[in-house]
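Here is the structure we will look at.
The values are calculated or read from the model by the stated rules, or taken from the named source; none is laboratory data. No experiment lies behind these values; they were computed from the predicted model shown. Here the Cβ positions follow ideal geometry from the backbone for every residue, glycine too, while neighbour counts run over all protein chains shown. Surface areas here come from the heavy atoms of the whole protein model, side chains and all, with no ligands, DNA or RNA. Shrake-Rupley method; radii C 1.70, N 1.55, O 1.52, S 1.80 Å.
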Number of protein chains: 2
Amino acid sequence: MDIKRTIDDIDHKILQILQEKSRIPNAEVARQVGMAPSAVLERIRKLEDRQIIQGYEVRLNPHPFNQGLMAFVLVTVQSASRADLATLLTQVTGVQDVHQVAGEDGYLLKLRVADNAELGRVLADEICSLAGVLQTKTNIVLNTIKETRKLDLNRYSS
Amino acid sequence: MDIKRTIDDIDHKILQILQEKSRIPNAEVARQVGMAPSAVLERIRKLEDRQIIQGYEVRLNPHPFNQGLMAFVLVTVQSASRADLATLLTQVTGVQDVHQVAGEDGYLLKLRVADNAELGRVLADEICSLAGVLQTKTNIVLNTIKETRKLDLNRYSS
DNA sequence: TCGAGGGAATGAATGATATTCTTTAACTAT
DNA sequence: ATAGTTAAAGAATATCATTCATTCCCTCGA
């Protein structure tokens, strides 16, 4: 048996509830799991301490903020490109995610901009002009069928 | 002047606070914006009603749930492929996002699995066997430099 | 088998918070 | 002006967060 704490059924249920709506009173979570609020509070604290819970976010509608167009850009770079290129890419207009990809000497960006005109401008003026960038391949998202950060909690194993 | 409600500076500040940590007492938000809690509550309610706030999420560490490997898969399909293919793709093991992409007759998937072995199994057994799928191109994420759902609130315009 | 120790749940107490309602103020359009 | 609209403040009360002491249960070691 491992000394390391595990995620038991109650933790599991708490995480499920928070995945549905994280901004919910602690007392309501306690009601749903059938325990005292103090016990639930302690469990949530521990999940935060153990970095199983990493934060709480709000999901906003991108349209009022003129970020209705989503695009993915695969940026291929010189193998000797500058070390801080990744950081520079995070600062490009509209960039939400920067992932370093294996086997490509490159980065995959997810970005949100207003429209195609702005996307073109960002690609030409901001990304392609960075030192070390060789080429970009862009996929414009027509329609998002699913977009979630939820994990499959049932995949837990101690 | 537009009758439609706008997002003013106070709404803006409230959204900023919630983007940092959505699970925060309303009274604390009120303190930070310098207003009565009742007024802040009313504003948040309205932002929810107007669908500017679409939900509140918890960000979990993927490792305890055996989803430490992230990959993007561009799925190319027959132009006459079945209409519900997108829905089927959302049900594939580990798939977090499904985006329909323009100009490709295809979908871009983001998925989280345990390791390369599982990724191979999912690609071979689940994705490629779907009717209409022609080919897949997979990018394995080595390292994520930035991953956020935060929007640039300053891009608001009425 | 027994008891010590650790970990976790409960329940009570209290101080803080959410929520509702009323009043007031500012702004709009007629 | 004046009625209508919108939002903020303030008060009141119901609910909640947080702490603490206590109890319970499990595990380990003698």
Checklist entry - From A:L153, A:L123, which residue is of a type outside the set (S, T, Y), in contact (Cβ under 8 Å) with a residue 40 or more places away in the chain and facing another protein chain (nearest Cβ under 8 Å)? => result A:L153
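Report yes if B:A114 is facing chain A (nearest Cβ under 10 Å), out of contact with any His (no Cβ under 9 Å at 6 or more places or on another chain) and over 30 Å from A:T93 (Cα atoms), otherwise no. Quick ask: steps written out before the conclusion?
On the way: facing chain A (nearest Cβ under 10 Å): yes; out of contact with any His (no Cβ under 9 Å at 6 or more places or on another chain): yes; over 30 Å from A:T93 (Cα atoms): yes.
Against the criterion (facing chain A (nearest Cβ under 10 Å), out of contact with any His (no Cβ under 9 Å at 6 or more places or on another chain) and over 30 Å from A:T93 (Cα atoms)), B:A114 qualifies.
Out of A:V73, A:V58, A:V77, I need the residue that is of a type in the set (V, I, T), within 18 Å of the chain's Cα centre (by Cα) and within 30 Å of A:V133 (Cα to Cα). Which one?
Details: A:V58 fails: within 30 Å of A:V133 (Cα to Cα); A:V77 fails: within 18 Å of the chain's Cα centre (by Cα).
None of the other options fit; the residue is A:V73.
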Checklist entry - Is there a residue being among the aliphatic types (A, V, I, L, M), buried (at least 19 other Cβ atoms within 10 Å of the Cβ), in contact with an Asp or Glu (Cβ under 8 Å, 6 or more places away or on another chain) and more than 12 Å from chain A (Cβ to nearest Cβ) anywhere in the range B:75-85? => result yes
Next on the checklist: Condition check: modelled with pLDDT of 95 or more, within 7 Å of chain A (Cβ to nearest Cβ) and open to solvent by 10 Å² or more (accessible area, probe 1.4 Å). Does B:N61 satisfy that?
Outcome noted: yes
Checklist entry - Taking only pairs six or more apart or across chains, which ones have beta-carbon atoms under 8 Å, a first residue in the range A:36-47 that is in contact (Cβ under 8 Å) with a residue 40 or more places away in the chain, and a second residue that is within 8 Å of DNA strand C (Cβ to nearest atom) and among the charged types (D, E, K, R)? => result A:K46/A:R5
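Quick check on the range B:36-54: of everything there that is within 16 Å of DNA strand C (Cβ to nearest atom) and buried (at least 17 other Cβ atoms within 10 Å of the Cβ), which residue is farthest from B:A131 (Cα to Cα)? Before you say what the answer is, go through the steps one by one.
Going residue by residue through the range B:36-54, those that are within 16 Å of DNA strand C (Cβ to nearest atom) are B:36-49, B:53.
Checking the rest, the ones that are also buried (at least 17 other Cβ atoms within 10 Å of the Cβ) come to B:40, B:43-44, B:47, B:53.
On the way: B:V40: 51, B:R43: 48, B:I44: 45, B:L47: 42, B:I53: 37 Å.
Result: B:V40.
Of everything in the range A:86-109, what is open to solvent by 20 Å² or more (accessible area, probe 1.4 Å) and assigned to a strand (DSSP E or B)? Give them in sequence order. Give the steps one after another, and end with the answer.
Pass one, the range A:86-109, residues open to solvent by 20 Å² or more (accessible area, probe 1.4 Å): A:87-88, A:90-91, A:93, A:100, A:102-105, A:107.
Scanning the range A:86-109 gives A:Q100, A:Y107.
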